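Taken together, the values in this text are just the output of simple stated rules run on the coordinates, not laboratory data. Just so it is clear, the model here is predicted, and its values are computed rather than measured. Cβ sites come from the backbone with ideal geometry, for glycine too, and all protein chains shown count toward neighbours.
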Amino acid sequence: MTGDLRTGDLRTTLIESEQRTEPGGTSFARATRLVAEREVKSFIYMKGFWIGFAVILVGLFAAAILPSVFGGDPPKVAAVGPAAEQVLTGADLEVREVGDVAAAEELVRTEEVEAAVVPDDTGRSATGVRVIGLSDAPTDVVAELGTAPPVDLIDPSEVGQGVRQLAIMVFALLFLMFGMGGAAIAQSTVTEKQTRIVEILVATVPVRALLAGKIAGHALLTIAQVVVLAAAAPIALRLGGQQDLLAAIGPALGWFVPFLCVGFVLLAAMWAVAGSLVSRQEDLGSSMGLVMMLVMGPYFGVMFFSDNAIVMTVLSYVPFSAAVAMPVRMFAGDAQAWEALLSLGLLATSVVVVVLFASRLYSGSLLQTGGKVALSKAWAHAD
């Protein structure tokens, strides 16, 4: 009932607009704006929208604050020799004794332990030991020792491994959540077809304006949510005492926000086409498979191949995965600014091409009912 009333309000507004404008009717831009406003209002009036966004915000603060409140398991440390065992006595660490420095370094390299405490043969330490870390200084281990032994890194990195993995997980999850959130466009489109509301809309609104309005409305909602999360993240990290993490992840948000917003428009066009190809909610799953793969693929690709420089480089230039892969590479210091700009330019160009193709498929399938519409048929019946 609510959807019917809002559709009626939209149609009334458009009719009144036609009466006030020059012969030729409502402009494409005005029709797009009115459809976008309808999409935005239809979601901000839904409790589920606010509940879902509140859950994301609460999860963000919980992830930043709870680790500092409850702590975690003691760090694992490899120890070589009696001097190391003496220094580690009384420390809240899980100690694993090994026979030599090479074995300790291998445990650190394979991340079975966070650090190794080994004899110092350089003469730099007053206690006779030094600490070996992987890519960043194991500050939690050093803090437990009660001294300040020298720290050597096997594979020094500007961004620590733990911070890197956390950033990858956060970026990938946000991309997944907002990418899958575009399914609301497909659901609203098929609902309009199933209830025959779309026939009322297209009598007044150009089909392509209807598509543009849906994409614009949901893109605005996504941008607003991303901006709020980007503003809330520093607050959550400060409350959790994660200043070091904030300093590392802050610049990455500057790249992630535009990439995610542009990437969402790319996926939104495809979600709209997926909804236009079927006439019932029950059939929507049969047309959503490809779009879901384009959302899930980059998520798993970045999560599984984050340490593979070649794969990440390729993913950062593929339009559907660039939105998450390139910000991760920029965060880790594996890419230059010109690479990010090139990737963003390719992504924006892909958006234009995909939206043009999507608009033809959308206009050719929106008014067709009676089962799933083949892509070739939708293309042939486009205006």
*So, counting K/R as plus one and D/E as minus one, what does the shell of residues with Cβ under 13 Å around A268 add up to?*
0
*What whole-number value in cubic angstrom gives the convex hull volume per residue for the C-alpha atoms of the range 270-321?*
64
_R238-M296 pseudo-label distance in nm [points 7 Å out on the Cα-to-Cβ vector]_ = 4.0
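What net charge do the residues around A212 carry, taking every other residue with its C-beta under 14 Å from that of A212, with Lys and Arg at +1 and Asp and Glu at -1?
Numbers: positive: R30, R33, R38, R208, K214, R360; negative: E37, E39.
Neighbourhood net charge equals +4.
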_Full-stretch length increase - V151, E85 - with 0.36 nm per residue and alpha-carbon distance subtracted_ = 22.1 nm
_Distance histogram for the range 267-383 (every C-alpha pair counted, 10 angstrom bins, percent rounded to whole numbers)_ = 14, 36, 26, 18, 6, 0
*Segment A231-E37, length gained on full extension (0.36 nm per residue, minus Cα span)*: 67.4 nm
*At T369 and F304, where each label point lies 7 Å from the Cα along Cα→Cβ, what is the point-to-point distance in nanometres?*
4.3
